[in-house]
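Undergrad: My questions all concern the structure below.
The values are calculated or read from the model by the stated rules, or taken from the named source; none is laboratory data. Because the structure is a prediction, the values reported are computed rather than measured. Every residue, glycine as well, gets a Cβ built from its backbone with ideal geometry; the counts of neighbours run over all protein chains shown.
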Amino acid sequence: MGVESIPLDISITPRVVVQGLPKSGKSTLCKRVSEITGAVHLEMEKLIEGFVDRDSSFAAKIAHKLKVEGRDLDDLLLVQLIQKRVGMADCASRGWILEGFPQTRSQAILMAKKSLLPSNVIMVDIPIEEVYKRTEALVKDEFGCDRTILKRRLDYTCKNTPSMVYFF
């Protein structure tokens, strides 16, 4: 007949990285893919916030860096944070969709060294002019939409995007 059955003992859990410019639609895409697949949508800000208030030595380390020292988390700590999160039961059983990370080649290399390799990478590609158009109404309301800040974010993203794509 030419039709083969799908083995029922094989489970495929998505491991997806979604990249793109600010306001390109990454969050919307991640939410939609999460709804369809059941995979856990991971956003770095929420991930960090979720660990800061936990009662563990790792959480204390993160909280100290952010709250006491007032410093950003280094790449290794960010990757360790992702590693801990994807190792939790919900991500392990349903898969994960990581939004906007890694942002640099060194972060991508650290992810690979920690065996955090995505099965898919999705690049949301829109023109820079469209980003500015999408943020016009938000300039006064959202800090990241201020034109000076947005330009810096776009410059940074555009400079780093090619290195992360080839790595995966």
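Undergrad: Here are some conditions: (1) in a helix (DSSP H, G or I); (2) surrounded by 13 or more Cβ atoms within 10 Å (Cβ to Cβ). VAL121 meets all but one. Which one does it not meet?
TA: Here VAL121 clears every test but (1).
Undergrad: If you take the residues in segment 1-43 that are surrounded by fewer than 10 Cβ atoms within 10 Å (Cβ to Cβ) and of a type in the set (D, E, K, R), which one is farthest from CYS91 (Cα to Cα)?
TA: GLU4
Undergrad: So, one more: Filter segment 87-99 down to the residues that are within 16 Å of LYS46 (Cα to Cα) and out of contact with any helix residue (DSSP H, G or I) (no Cβ under 6 Å at 6 or more places or on another chain) and list them by number.
TA: The answer is MET88, ASP90, CYS91, LEU98.
Undergrad: Could you say whether any residue in segment 79-97 is at pLDDT 75 or above, over 30 Å from GLU35 (Cβ atoms) and in a helix (DSSP H, G or I)?
TA: Scanning segment 79-97 turns up no residue that is at pLDDT 75 or above, over 30 Å from GLU35 (Cβ atoms) and in a helix (DSSP H, G or I).
Condition check ((1) farther than 15 Å from TRP96 by Cα; (2) in contact with a Gly (Cβ under 6 Å, 6 or more places away or on another chain); (3) modelled with pLDDT under 90) across all residues:
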| residue | (1), (2), (3) |
| --- | --- |
| LEU8 | yes, no, yes |
| VAL18 | no, no, no |
| VAL33 | no, no, no |
| HIS41 | no, no, no |
| MET44 | no, no, yes |
| LEU47 | no, no, yes |
| VAL52 | yes, no, yes |
| ASP55 | yes, no, yes |
| GLY70 | yes, no, yes |
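Undergrad: Would you point out the residue of segment 115-143, among those that are touching a Leu at 6+ places or on another chain (Cβ under 9 Å) and either within 20 Å of LEU42 (Cα to Cα) or acidic (Asp, Glu) (or both), that is modelled with the lowest pLDDT?
TA: GLU130
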